[in-house]
Amino acid sequence: MYITLLGLYATLIAVIVLSPNRVDGDGMGVYRILYGLYGWGLPRWITYQTVEVSANVIVMVPFGMLMALLLPRRLWWVAVIVCSAVSLSAEVVQALLPGRMPSASDWIANTAGGLAGAGIAVLFRAQKGAKVST
């Protein structure tokens, strides 16, 4: 089951990366939403950049988690390396696509998301093991 989910998720990531347009378009929609939410009390420290970095972290969490669940327990860290390599490859591809902008901060955020996902998988396995042994 994990391999199927990973394949589907990898396909989604490929569609996002290979799209000739940015996921958020010109970003103006995100700005409009943020300014509307500021009126409802959203803290001003939540900016476009905060949303963008958070999205880059979040998008790789499932990938890192599924990858780590497919690997032997002791090799969970390989999932982080794979996530980092996938992200770096995505940034290289984006450098070749007109209208796309590669970013080192995207690569770092994606790698952090992969680490978080792998960490969730480690915790999940530890919890599952604890339940089985008690």
Next on the checklist: Residue under question is residue 75, and the condition is that it be in contact with a Leu (Cβ under 8 Å, 6 or more places away or on another chain), within 30 Å of residue 129 (Cβ to Cβ) and open to solvent by 30 Å² or more (accessible area, probe 1.4 Å); does it hold?
Outcome noted: no
Checklist entry - What tally of residues in the range 82-108 results from selecting those that are of a type outside the set (Val, Ile, Thr) and under 18 Å from residue 10 (Cβ atoms)? => result 11
Checklist entry - Quick one: in the range 20-44, which of the residues that are aromatic (Phe, Trp, Tyr) and open to solvent by 40 Å² or more (accessible area, probe 1.4 Å) is modelled with the highest pLDDT? => result 40
Checklist entry - Would you say residue 120 is open to solvent by 90 Å² or more (accessible area, probe 1.4 Å), modelled with pLDDT of 95 or more and part of a helix (DSSP H, G or I)? => result no
Next on the checklist: Among the numbered criteria (1) at pLDDT 90 or above; (2) under 25 Å from residue 1 (Cα atoms), which one does residue 103 miss?
Outcome noted: (2)
Checklist outcome for this item: By residue number, the members of the range 69-94 that are free of Cβ contacts under 8 Å to residues at least 24 places away in the same chain and either under 17 Å from residue 5 (Cα atoms) or part of a helix (DSSP H, G or I) (or both) are 71, 74, 75, 78, 81, 85, 88, 89, 91, 92
Checklist entry - Give me the pairs: first residue in the range 45-63 and open to solvent by less than 40 Å² (accessible area, probe 1.4 Å), second residue charged (D, E, K, R), beta-carbon distance under 6 Å, and six or more apart or on different chains, which are they? => result 56/106
Item to check | Identity of the residue in the range 90-112, under 20 Å from residue 80 (Cβ atoms) and in contact with a Ser or Thr (Cβ under 9 Å, 6 or more places away or on another chain), that ends up surrounded by the fewest Cβ atoms within 10 Å (Cβ to Cβ) | outcome: 108
Item to check | Checklist (1) open to solvent by less than 60 Å² (accessible area, probe 1.4 Å); (2) under 12 Å from the mean Cα position of the chain (by Cα); (3) not charged (D, E, K, R) applied to residue 115, failing item | outcome: (1)
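The values are calculated or read from the model by the stated rules, or taken from the named source; none is laboratory data. Only a predicted model underlies this, so the values are computations on that prediction, with no experimental measurement involved. Cβ coordinates were reconstructed from backbone atoms using ideal geometry, including for glycine residues, and neighbour counts include every protein chain displayed. Side chains included, ligands, DNA and RNA excluded: accessible areas come from the protein's heavy atoms. Shrake-Rupley method; radii C 1.70, N 1.55, O 1.52, S 1.80 Å.
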